[in-house]
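The values are calculated or read from the model by the stated rules, or taken from the named source; none is laboratory data. What you see is a predicted model; the values in this text were computed from it and never measured. Cβ: placed from backbone, ideal geometry, glycine included. Neighbour counts: every protein chain shown.
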Amino acid sequence: MAEKTKDIWIGFDLGGTKMLSAAYDQDWKLLGRRRRKTRGREGSDQGIARIGSTIERLIDENDLGDHNIKGIGIGCPGPIDLDKGRILTTPNLGWDDVDIGDFLKKKFNCPAVVLNDVDAGLYGEYQFGVAKGSRCAVGIFPGTGIGGACVYEGSILQGKGISCMEIGHTRISSSTRSSGYDLPGTLEAEASRLSIAAEAAKAAFRGDAPQLLKEGGTDLANIRSGALADSVAAGDKVIIRLVEEAAESIGIAVVNIIHLLCPDKIVLGGGLVEAMEDLIVGTVAKTARKSVMSVYKDCFEVVAAKLGDDAGVQGAAAWARHQVEN
């Protein structure tokens, strides 16, 4: 007897260093996945062609071509034109005004839903992970930059036709430090992995972080989350304090969010958090609880994301299903 045709939902996570695609059936059983590296700052035409070929290979390698692809969800870094399915800008990839939604619709003859990658990651945690059952969940994902997201009563909080929750670009300090954006003193300028790495490189150069100097040197390209975590574990006190200061800045941003939205769950995610979960989550929670108005002290929980890379792809697929079916 021939296998019954399945309804397939495909999720895609376009990161700064990797592309990850996965296919799920209607019960969220994983049917296959495909991962590729991005090629630095390749042009958008080459980039979207590689997105298309990655999904094609996912379908071919897992014999999904005879099934019904109900929709594709793709999480992309940076602000998104939600109505047109367009990436407006991706600073880390150097793409501007890319009609990825239209490309995917035409290529695979199915609905395609484009959303911000942190929105996708938090929605994945809301549907399947640590934020499940939350009335209001906020995600803060520090990496090269700092992304933010909010799921409120089951829906991603979005602007009128455009993604929002760019928490990394909110000002939390009187510092003149910049993250390449006109507004100084932003959360991204104070607490991104890139900002931590820049200060850590100075410490390594001065000889104040011997473990980091041994493992990562003073090249920013080599001072990634793992190198920072190893430095912290080895007892490089300057690096420990740099990470704590960044986490304290995130904690102040959490205070602002609590006073605005009173979320019951704050989800911290990304490679930096995964590498130093106890230090970062503990410091953020301590800072936030110390600084919020007393009535809010027991209204929220700060937790680490648990789904890893699956959060983004499964969240993108789940949001596509939510949009298509509703």
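Looking across the stretch 291-320 at every residue that is closer than 18 Å to CYS76 by Cβ and not aliphatic (A, V, I, L, M), the one that is surrounded by the fewest Cβ atoms within 10 Å (Cβ to Cβ) is identified as ASP309.
Table: residues versus (1) surrounded by fewer than 16 Cβ atoms within 10 Å (Cβ to Cβ); (2) of a type in the set (Lys, Arg).
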{"residue": "CYS262", "(1), (2)": "yes, no"}
{"residue": "VAL267", "(1), (2)": "no, no"}
{"residue": "VAL273", "(1), (2)": "no, no"}
{"residue": "ARG289", "(1), (2)": "no, yes"}
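The set of residues in the stretch 4-62 being within 17 Å of ASP310 (Cβ to Cβ) and out of contact with any strand residue (DSSP E or B) (no Cβ under 7 Å at 6 or more places or on another chain) consists of GLY15, ASP27, TRP28, LYS29. When you scan the stretch 6-13, do you find a residue that is out of contact with any Gly (no Cβ under 8 Å at 6 or more places or on another chain) and surrounded by fewer than 16 Cβ atoms within 10 Å (Cβ to Cβ), even just one? Within the stretch 6-13, one or more residues are out of contact with any Gly (no Cβ under 8 Å at 6 or more places or on another chain) and surrounded by fewer than 16 Cβ atoms within 10 Å (Cβ to Cβ).
Quick check: anything in the stretch 226-237 of a type in the set (Lys, Arg), under 22 Å from GLY143 (Cβ atoms) and either in the same structural domain as MET276 (by TED's automatic domain parsing) or exposed (fewer than 14 other Cβ atoms within 10 Å of the Cβ) (or both)? Within the stretch 226-237, none of the residues are of a type in the set (Lys, Arg), under 22 Å from GLY143 (Cβ atoms) and either in the same structural domain as MET276 (by TED's automatic domain parsing) or exposed (fewer than 14 other Cβ atoms within 10 Å of the Cβ) (or both).
The C-beta contact set for the stretch 153-178 (first residue under 15 Å from ASN116 (Cα atoms) and basic (Lys, Arg), second residue surrounded by 13 or more Cβ atoms within 10 Å (Cβ to Cβ) and modelled with pLDDT of 95 or more, distance under 9 angstrom, 6+ apart or interchain) comprises LYS160/LEU82. Residues satisfying the criterion are absent from the stretch 297-318 (criterion: over 30 Å from ILE8 (Cα atoms), of a type in the set (Val, Ile, Thr), in a helix (DSSP H, G or I) and at pLDDT 95 or above).
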